[in-house]
1. For the ranges 46-59, 131-144, what's the packing order if you count other beta-carbon atoms within 10 Å of each residue, average per peptide, and put the highest first?
2. Using each residue's phi in region 299-312, evaluate 6.51 cos²θ - 1.76 cosθ + 1.60 at θ = phi - 60° and report the 3J(HN,Hα) Karplus result to the nearest Hz, with x for Gly and Pro.
3. Hey, which aspartates and glutamates would be in cross-link range of K345, C-alpha to C-alpha under 18 Å, not counting anything within fewer than 8 residues on its own chain?
4. Please state, rounded to one decimal and in Å, the Kirkwood hydrodynamic radius that region 228-386 gives when every pair of distinct Cα atoms enters the mean of 1/r.
5. Once you put a point 7 Å from the Cα of E71 and another 7 Å from the Cα of D154, both along the Cβ direction, what distance in nm separates them?
6. For the pair T334 and E89, how long in nm is the line joining their label points, each one 7 Å along Cα→Cβ?
7. The chain: percent of C-alpha pairs farther apart than 42 Å?
8. In terms of Cα to Cα distance under 30 Å, which lysines are near enough to K290, apart from those fewer than 8 places away along the same chain?
Amino acid sequence: MMLADRLKTLAPSSTLAVQAKAKALRARGIDVISFGAGEPDFDTPERIKEAAVAAMRRGQTKYTEVGGIPELRQAVCAKLRRDNGLDYEPAEVVVSCGAKHTLFNLVTALVNPGDEVLVPSPFWVSYPEQVRLLGGVPVAVETREATGFDLDPDRLRAAVTPRTRLVVLNSPNNPTGAVFSPQALAAVARLAVERGLWIVSDECYESLTFEGRHVSIASLGPEVKARTLTVNTCSKAYAMTGWRIGYAAGPRELICAMTDVQSQVTSNPSSVAQWAAVEALAGPQDEVAKMAGEFDRRRRLIVAGLNALPGVSCVMPKGAFYAFANVSGLFGRTWTHEGRTTTLKGSLDVAAFLLEQARVAVVPGLDFGSDAHVRLSYATSDALISEGLTRMRAAITTLA
Ligand SMILES: Cc1ncc(COP(=O)(O)O)c(C=O)c1O
């Protein structure tokens, strides 16, 4: 089949692929422990489900305003004021089918073919793929493990060219768990204002900030706010990944453009899910803190366990629910499977080795921009974390 040229470089989501592989092995009766999940293992709180049921019963099952019902855009404004010190009006908000969709609308609305987009690395896999899909040029800008993968304003500054259009910020970070320091954010805000760059601030893991302080870069001043799109989602904070509600706030003109894009692609996000999201954002927030407390505990468990494995080290993530383990200490070691000896040379080899020998699924760091690492999600139970670590230790001790 002759597909469009833009498909030639498209990599399918590797995180979803790991999940699918683990599921397929399980379906064959093979007991795999998956650290691949990109979603909380909690159920959506009951009050939110009830709000959806009530909306259905009221007959709120028709098309809505493309950019979201006024009640939800109002609830987003109230949330941004409450949690982020940001003042927006409903006309400066658009609701989409998940933050992934929000980000795609943004790239469509803002990035011309050939425009460069700075993506601090390691990065969430979809940023460069979305940019490439639309003809833009993603430019990875390294962050350093020694600083806990904090944003590096000097390297970002050095990467700016006349074609640079947008900087992608993600704090708390997927995959590293970094919470960017206020100083680094302030320096990047200055850079964006000076050089006329746009900023997208993906704050999807905001509610899972365990150390440091979550700062919305748009709150640092009116000049940077005028150049920033703040993106968030109901997926992670409220365990609502399947409901597909993401949202963004930013300058009215940009929001209008993104809404126009959406009007030709999906129309509104699900009406029922929007009513659930109103309840999620505006109702009592105690489950959020409860989930965050649970993740915080698991984070310590998994990171201590990873650091105790020979050849593996892991910086303490400050937010989100991922541990980004450095496995380069295993490179050069060999394992034998079905008569074939393989040398571990990169993160793909380590992930394949762990799946085969430990029955543990992790995501190779290569897809996130670092071949020295693998990503483990700790959105899973203590028992599975402990068992997974035990299996990994047993497998690593068999390496020659
Ligand atoms: C950094 C980051 N941004 C955005 C998303 C998208 O979330 P959703 O589309 O479910 O709102 C994810 C999901 O894994 C993510 O990790």
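1. Most protected by this proxy first, the peptides run 131-144, 46-59.
2. Couplings: 4, 5, 4, 6, 5, 4, x, 5, 5, 7, 7, x, x, 10 Hz.
3. Leaving aside aspartates and glutamates fewer than 8 places away in the same chain, those within reach of K345 are E356, D367, D371.
4. That comes to 18.7 Å for region 228-386.
5. It is 5.3 nm.
6. Going from the T334 label point to the E89 one covers 7.0 nm.
7. 12
8. Result set, ordered by chain and number: K23, K49, K79, K100, K236, K318.
The values are calculated or read from the model by the stated rules, or taken from the named source; none is laboratory data. Note that the structure is predicted; figures quoted are calculated from it, not measured. Here Cβ is always computed from backbone atoms with ideal geometry, including for glycine, and neighbour counts include all displayed protein chains. Quick note on the areas: whole protein, heavy atoms, side chains included, nothing else; ligands and nucleic acids left out. Shrake-Rupley method; radii C 1.70, N 1.55, O 1.52, S 1.80 Å.
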